[in-house]
Structure formats: structure tokens, C-alpha cells
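A quick write-up on the structure given underneath.
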Amino acid sequence: MNRLVWKLLRQHISIGQLTGFFFANLFGVVIILLSIQFYKDVIPLFSAGESFMKKDYLVVSKQVDAFSSFRKKGNTFTAEEIKDLSEQPFTQAIGQFTPSRFDVSAGVGMQRGGMQFSTEMFFESVPDAFIDVNLNQWHFDEDTRSLPIIIPRNYLNLYNFGFAQSRNLPQLSEGVISMIGMDIRIRGNGQTESFKGNIVGFSNRLNTILVPDEFMKWANNTFAPNTEVTPSRLIVEVNNPADADMARYFREKGYEIEDDKLDAGKMTYFLRLVAGIVLAIGLLISALSFYILMLSIYLLLQKNTVKLESLLLIGYSPAQVALPYQALTATLNFTVLILSVLILGSIRTLYMKVLSQLYPNPGSQSLATVVCIGILLFAGVSLINLISIRRKIRMIWRNKD
């Protein structure tokens, strides 16, 4: 019986309407699935340690003037000043640079290369949340006396493009530097201890030699127990580096921002703003696509209103009349799902080549999550379509007289 109904109704189905229905649905589903998968693939660039669009961080210090050396505490920040800065509306989080209060010397060498260096140095630490490198190895092992160290990337650049070239020495890559062992000797409070240091990362954000915060607290308590540790620099996470009130606050307080990071932060802020606008436009297009989908269904039913009324009058139930349209839309939705996944896989192959050039390890996110979302989307949209068709048929049944 349903086959006879379908033969009657399909004579009045517009191929153009079905084509518009199909491509609108396909376009919307591809946008949604591609947005989700692209976000999953690029999240390392935004959230990993060496991300190029991390949150906005500013390194704040006090201006050095002719009278700084005569002040009792120098240019350090007091607890009241730190509290005042943390309460400002532009401040999201604040961390302190903890300096070492003990003597540090380091011997650096490579046995195969026959290179040996020895120098006095210093350490600083910041909370782990403000570090911009991978933290997998960022832990002090007291048993093995292994001390991880992070150095600024510009230190390596200065060596490679300045010192090494002037002395005809070989240039060193980050991988080679990470293989170099460092013999760290710490002295203070009548004690001397040795540690095995190794460079685990290079920071673009922090222009200092970093050790884990847990190690710094332990070392200061052990080698300089009676010395007050006050920070001379702060690292501040801000919500909008283009905030005029923030610039005015720093100027009035006499605070300085290192390395012109305020201007770099403004660029990052506007990049994220543009990315948010593009995402909003994509969501709007997806919503319009689903609207077109529903509109196509109603237009299809409206065009066949006379035939539908005739079928209902001769004894067919609303469920029997609705079934061919429901089967048609469900088949089209399933076809859209399959094609969307295939198109997504092709597009992902193209942009992953670009991401691999921007980020060494872009990750290997699978399509499983997006496929599951697509199935749920197919089920939800099909259910809405089935209900809408049934309601439209019932309206025709109620209004047939």
C-alpha cells in the first residue's frame, strides 16, 4: 500500500527542492563537523606550552633610577603592591619571580666534543602555570639529584649568531643543547651540594634561567634560611592587553613591561577576536542551513497538499501518508552524514599538512569523536524532520474540511 502511495506522491516531488534540501543539509553538517574537528586538531597550538596564541602575559618590574641602589629593599614589590595589582579589573592571575638567595656555579661540557665551560650563574622560579614549555620533565628529583632547567631562547640565539660566529665555534641546535649535561654546585649557609642539571626547554616568554618552583623554595630554605625573599618582577595574566586603563595604571605606578610584550599582546588579542568572529559566522551559517532544511520540507508538503488531502479522504491514515516523506528525509540525512565524513577527511588531510609545518607535533586526533557527533546530529535532525512531517500531515487532516 505504501508503495502505491509513494508512486503517487513522487510525481509531484521537485528535484530542485530536493537538491537544495540536500546541499543545504550537507553544507551545514560539514561546517559543524569541520569546526569541531579543526578545534580538536589545533588545540595544541593554543594550549600547549609553546603555543603562538597563549593567554596574554606581561612581565612587570619597577623602573630603575639613580636612587634605586640606595633604597633598603631596592626595586622589589611589597605585599601591598602585589595585592593592589591583583585586584585590578584587567588582572586575571599574578605570579612572582622567586630569586635564588644562594651562590650557584655551573660546569657545562660535552665529552665527545671536548667543550668545557664553567661560570657563576643565578636561578629564578615562577609558578608552573606561567611557564610556556612542556612540563612533562619539569620536576625536581631529590633522589637522583636531577635538576631541570629552562633558559630563554634568545640566549641560544645570542650564542649561535653572535659568540659562535665571532669565535669560529660550531652553532648548536636546541636538540644538541638539551643533550648537554650541567654540573650544578650550590653553596650557602655553610653547605655545598652538587646537582645534575639538564636543559628541558627554551622559553620565549621569560627572560631568565628557570628552575622548578618547588626546588627554589627548598633551596632557599636550605641554603639561605634567614634571608627574606621579595620579588623584583611579577608575571601578570591580563584579559585585554589593549586596555587603556591598564596602560595608565602601569604608567602611574612607575611599572615597566619587558620586551614590548604589551604590543605583542595587543596583536594576540585582536587575532583571537577575529577568530571568535569567524567562529560566530560559521555557527550562524549552520543555523541558517538547518532553517533552509526545514523550510524545504514544508514547501515540499505544501506543494502536495491537494494530493495529501485526497489520500486522507479515501481512508489513508496520517502515518501512512507521512511515511514516504519520512523515509525520504531519513535517507537523505544518512547520505549527508556519510558524505560529510568523507569530505571532512579530505579537508583534514589538507590542513594537517599546514599545521605540521606551524607546530612540530600537531597531535593525532582521530575522527571518532566527530563521527559520533555526526551520528547524534543525524539522529536529532531526522527526529525533528519526522516529527515536523507528522505534525504537518495532521494539520492537513484537521483542515481537510
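Here A129 and E87 are evaluated by their C-beta separation; at R0 = 25 Å the FRET efficiency comes out at 0.85.
Counting charges near I184 (Lys, Arg +1; Asp, Glu -1) among other residues having Cβ under 10 Å from its Cβ returns a value of +1.
Between R251 and N136, the contour length at 0.36 nm per residue exceeds the Cα-Cα span by 37.6 nm.
Between amide H atoms placed 1.01 Å from N, distances below 5 Å from G197 occur with L147, M182, D183, I184, all of them 5 or more places distant or on a separate chain. Applying D = kT/(6 pi eta Rh) to the range 78-208, where Rh is the Kirkwood radius over alpha-carbon pairs, T corresponds to 37 °C and eta to 0.692 mPa s, the Stokes-Einstein value obtained is 194 µm²/s. Measuring nothing but protein heavy atoms, the accessible surface of the range 119-187 at 1.4 Å probe radius is 53 percent carbon and sulfur.
With the simple model of a label 7 Å out from the Cα in the direction of the Cβ, E193 to A368 spans 4.4 nm. Accessible surface area normalised per residue over the range 154-244 is 49 Å², counting heavy atoms of protein chains with a 1.4 Å rolling probe.
Highest mean packing first, where packing is the average number of other Cβ atoms within 10 Å per residue, the peptides 216-227, 120-131, 25-36 line up as 25-36, 120-131, 216-227. The label-point distance for E80 and I384, in a model that sets each label 7 Å from Cα toward Cβ, rounds to 5.9 nm.
Residue pairs exceeding 25 angstrom between C-alpha atoms, taken from K217/K253; K62/K83; K196/K217: K217/K253.
Full extension of the chain between E258 and I343 gives 26.0 nm of extra length, using 0.36 nm per residue less the Cα-Cα distance.
Modelled spin labels at I36 and Q320, positioned 7 Å past Cα toward Cβ, are 3.9 nm from each other. Applying 1/(1 + (r/R0)^6) with R0 = 35 Å to the Cβ-Cβ distance of A287 and V354 gives a FRET efficiency near 0.80. Loop-resident trypsin sites (Lys or Arg not before Pro) (DSSP state other than H, G, I, E or B) in the range 135-171 with no more than 14 further Cβ atoms inside 10 Å of their Cβ: R145, R167. Maximal additional length on extending the F161-N207 stretch stands at 14.8 nm, based on 0.36 nm per residue less the C-alpha distance.
The values are calculated or read from the model by the stated rules, or taken from the named source; none is laboratory data. This one's a predicted model, so the numbers in the text were calculated from it and none came from an experiment. Note that each Cβ is placed from the backbone with ideal geometry, even for glycine, and that neighbours are counted across all protein chains shown. For the accessible areas, the whole protein counts, side chains as well, though only heavy atoms, and no ligand, DNA or RNA atoms are used. Shrake-Rupley method; radii C 1.70, N 1.55, O 1.52, S 1.80 Å.
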